[in-house]
Amino acid sequence: MTRQVRSGEAGSTGAAAGAMAPGDELGAARFVSEPPPAPPARRLSDWRLSPGRMRLLALLSALATGVVIWAGLSREDTSGLAAAVAHHNRLLAAAAAASAPSQPAPGANAFSGELAPSPPLSPEAPQASEPGPAAAPAAAPAAGAPSGVGSQGQEQAAGKPSPATPSPTSAPTASAAPAETAIKHVFVITLASPGYEQTWGAGSVAPYLTTQLRPQGTLLSNYYAIGHLDLPNYIAMISGQPPNAQTTADCETFAQFPASSKVDANGVLEAPGCVYPVSVLTLADQLTSTRRQWRGYIEDLSNGPRPVQSCRHPSTDQPDETLLARPGDAYAARHNPFVYFHSLLDLGDCASDDLPLTQLASDLASPAKTPNYAFIAPNLCHDGTEAPCLDGSPGGLRAADAFLAEWVPKILASPAYRTDGLLVITFGDGAPGDRSGCCQGAGAGAPAAPASGGGRVGALLLSRYVTPGGESATPYNHYSLLRTVEDLFGLPHLADAGEAGVTSFSGDVLKGVFSKRR
């Protein structure tokens, strides 16, 4: 179409033409009358994908192919896995909504549990190899990996039982959560206890714990384990699930729960088994769903016979080979509770955040790398379980005290702890003959009936929010610890952490953190 010259432009155009040389007038006339050039035709090369998009399509194709091959080999429909993933997302969305009823968690869709696109990373934000608080709550399983294999891929696809497919109505009923508090980073170190008096009494062989750390923190002198042996206590600390026949025996076989198992209205799974189905949530799930970061730091995790760098666990329905220490490898799966939950195994969280202890030092260097919740477990020698140790060292409480002397100063000096941190040092279970307990099914803070717990173990809290040299005689247990962490981050209470009689470390321990006793 010819461009029309408006009347206002005519004079100026003519004047300009009068000032032009004859050859220039032709160019001016062409400028006025020629139509704009047509856009060039799209060539075939213009439709080619960039190398990055081609790699993404290849990855998605491989993933889809792996799922199809697995389904064919196992002769099972993949709808169970899809339903489990979808149900897990719904549970996480419900947890996030309960923790912040006025608005969904940042970046989360309160109805589907899916995350919106994350904002651009700042220069100090964790990269892909260092997952940060913006990690997605559910990563796709590895290509070709059946449910129950987790990150290691040790099991064969065929012949392995799949985890229980959760019912859409099995979401736990969470109690109302308080607002988030000033404490943003929680560190938990769990050791083996020879008994309360042996640990904290005048004859203790743990001088660093009792003479150097004890004056800096507040001792919970009536803190109890919830059962014997080790595993039920570790499970309780991150999920609130009660002991069952297999966890009480430390799960010598890495057994699945029956396919018919379902959680009750409070989120409790009353059935025998070791590896909880995807319908059972953990503190790690709660933190991820609210865009916070958690990590397990487990000593000797990467020292096994197979090259596993994270989330090390036995094969499905196979014996646990980590019950006793091996030369150069004293890792214990039962001291790593994250590997007992399909919600973390199947959806990738365990693979990315359940790491060797050696990772802790570098993570402590920067607040951007320090997780909001850090669970620290020494090996079987350094936590005091074995005495003497396989290498001939004394082991026992002396070894546990030496572990604390090595690692606690690094935590206390970290920027995250110094700004808004809480360190909890506690013990899995008490002396073998001590079955005392507290809190469950009783009035708030009341001791429970005899033979109902895992013994008196004590716990030491260090933070700017506790009284140095203080002591609290209020009864607490491992469910109280879980409830406290949930209250600190404004999360609903899982399973028995929400039971009547279980309270968090309220105003008598954490000063200025909670507005009222919880």
Condition met for residue 422 (in a strand (DSSP E or B) and modelled with pLDDT of 95 or more): yes
Members of the range 195-231 that are in a loop (DSSP other than H, G, I, E, B) and either basic (Lys, Arg) or in contact with a Phe, Trp or Tyr (Cβ under 9 Å, 6 or more places away or on another chain) (or both): 206, 221, 222, 225, 226
Matching residues, the range 308-342, being small (Gly, Ala, Ser) and either out of contact with any helix residue (DSSP H, G or I) (no Cβ under 9 Å at 6 or more places or on another chain) or at pLDDT below 95 (or both): 315, 325, 328, 330, 332
Within the range 242-297, tally of residues that are in a loop (DSSP other than H, G, I, E, B), buried (at least 20 other Cβ atoms within 10 Å of the Cβ) and among the charged types (D, E, K, R): 2
Residue in the range 414-424 that is in contact with a strand residue (DSSP E or B) (Cβ under 9 Å, 6 or more places away or on another chain), closer than 21 Å to residue 208 by Cα and surrounded by fewer than 18 Cβ atoms within 10 Å (Cβ to Cβ) present: no
Residues (part of a loop (DSSP other than H, G, I, E, B), hydroxyl-bearing (Ser, Thr, Tyr) and farther than 30 Å from residue 265 by Cβ) located in the range 448-475: 465, 467
Residue match in the range 349-362 (condition: within 21 Å of the chain's Cα centre (by Cα), part of a loop (DSSP other than H, G, I, E, B) and not charged (D, E, K, R)): no
Residue list for the range 279-315, restricted to those being closer than 25 Å to residue 491 by Cα and of a type in the set (S, T, N, Q): 279, 282, 286, 288, 289, 290, 293
Positions within the range 398-418 being of a type in the set (Asp, Glu) and without any contact (Cβ under 8 Å) to a residue 24 or more places away in the chain, in sequence order: 406
Selection count where residues are closer than 23 Å to residue 186 by Cβ and hydrophobic (A, V, I, L, M, F, W, C), scope the range 210-259: 10
Count - residues of the range 476-514 that are part of a loop (DSSP other than H, G, I, E, B), touching a residue at least 12 places away in the same chain (Cβ under 8 Å) and not hydrophobic (A, V, I, L, M, F, W, C): 11
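The values are calculated or read from the model by the stated rules, or taken from the named source; none is laboratory data. On a predicted model such as this, the values are computed, not experimentally measured, just so you know. Heads up, the Cβs are rebuilt from the backbone with ideal geometry, glycines too, and the neighbour counts pull from every protein chain shown.
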